[in-house]
Amino acid sequence: MNVSLGEAAELMSDARTIVITAHVHPDGDAIGSSLGLMHFLRSQGKEVQVLIDDDIPAIFDILPGYELIEKPDPERWQSADLLIALDVSLDRIGRVREMVQAPVLNIDHHITNDGALADKLYLDGNCAATAEIIYQLIRQKKKPFSQKTAMCLYTGLATDTGWFRFSNTTSSVMQAAAELLQCGVRPHVISEALERKPFAQLKGLAAAMGRIELFHEGRAAGAFLTAADLQSMESPDGLIDMIRVIDGTELAVVMKEKEPDVCRVSMRSKGLDVTKIAIRFGGGGHVRAAGCTISQPFETAKKALIEAIDAALEEQEGKERSAFAK
Ligand SMILES: [Mn+2]
């Protein structure tokens, strides 16, 4: 059932013990919005724990509360009054769902989240980040932002907008960021911390960049990495951002074979709706940034993915031609 932001805030007020969770493979928004909300709710006298069923990348150790995030524990949080799932649909929170038997309030900005499995859903696809929603929630309650909360929410805003460069960077985002700066956020401290890469990882990225290939006459580009590639490359994170800058490329894709018959796909576009491609494989996301997991052998998955991309680009070319003919 869909609820308003005010109703979401009320559900939080009514609860005493709250568990907050976010998606596996947590990013800056998942972690930033979770910790930001945790600090706020603790300041309101709530007992709050962030549980994420995955490792938290060490670059986020700059965020206040980083060390408090735990993996789900079957014993400890069974008696929570409310489970808040941020930046995620409930199929991507891992074991948290089974281990916390509380009613679920789902807060998200992914347009593909249909709220299935959640008791209550607040979704605002116009928000650049879930952190922006949490910002609005605290603001609506006319409460101040502590420096801790501000740092965490700023991180969510900054990372989901590509450091305020992507098309989702609205004036509201900038106003929210400006207010968080007034609460003590120092942007360079956060960006320098988050941009850190171990030397081996940078070398891995360089090797992965060597594998980028163009297809669909250069309108798409991608890197398709097998499990063996990935073993020699030390998690080449950030690869998709290198691909999306290629001149003439409309769509960037990275496919990684995580284990046999499990290929994880990320896509970025300069306008083409990549959720349509992701949804075909059971994934989701945003118009310009989406992902999915294809449970097929590497070569089969690669072929199916390229076919789907070709079809999407052809459909777009058809539309461009008919617009031109008019
Ligand atoms: Mn997000």
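Return the distance in nm (one decimal) between the two label points of a simple spin-label model at Asp261 and Asp73, each offset 7 Å from Cα along Cα→Cβ. Here the answer is 3.6 nm between the modelled labels.
Relative contact order of region 5-194, taken over Cα pairs closer than 8 Å and 6 or more residues apart, is 24 percent. Computed over every Cα-Cα pair of region 5-194 and binned at 10 Å starting from 0, the pair-distance distribution P(r) comes out as 10, 42, 38, 10, 0 percent.
Measuring nothing but how far apart in sequence close Cα pairs (under 8 Å, 6+ apart) lie, relative to its length, region 190-326 scores a relative contact order of 16 percent.
Averaging the sequence gap over all C-alpha pairs within less than 8 Å and six or more residues apart, then dividing by the number of residues, gives the chain a relative contact order of 13 percent. The Ala116 and His25 beta-carbon pair, evaluated with R₀ = 25 Å, returns a calculated FRET efficiency of approximately 0.80. In region 170-326, taking the dipole from charged Cβ atoms about the Cα centre, the farthest positive-side position among Gly285, Val245, Leu230 is held by Gly285. Full extension of the chain between Arg165 and Glu299 yields a length gain of 44.8 nm, computed as 0.36 nm times the residue separation minus the alpha carbon distance. A protection proxy built from the mean count of other Cβ atoms within 10 Å ranks the segments 214-227, 12-25, most packed first, as 12-25, 214-227. For a straight C-alpha distance cut-off of 28 angstrom, the lysines reachable from Lys71 (same-chain residues fewer than eight places away being disregarded) are Lys46, Lys120, Lys148, Lys197, Lys256, Lys258.
Any read-out appearing in this document is the output of simple, stated calculations on the displayed coordinates, not a laboratory observation. Since the structure is predicted, the reported quantities are computational estimates derived from the model, not experimental observations. Virtual Cβ from ideal backbone geometry, glycine too; neighbours counted across all protein chains shown.
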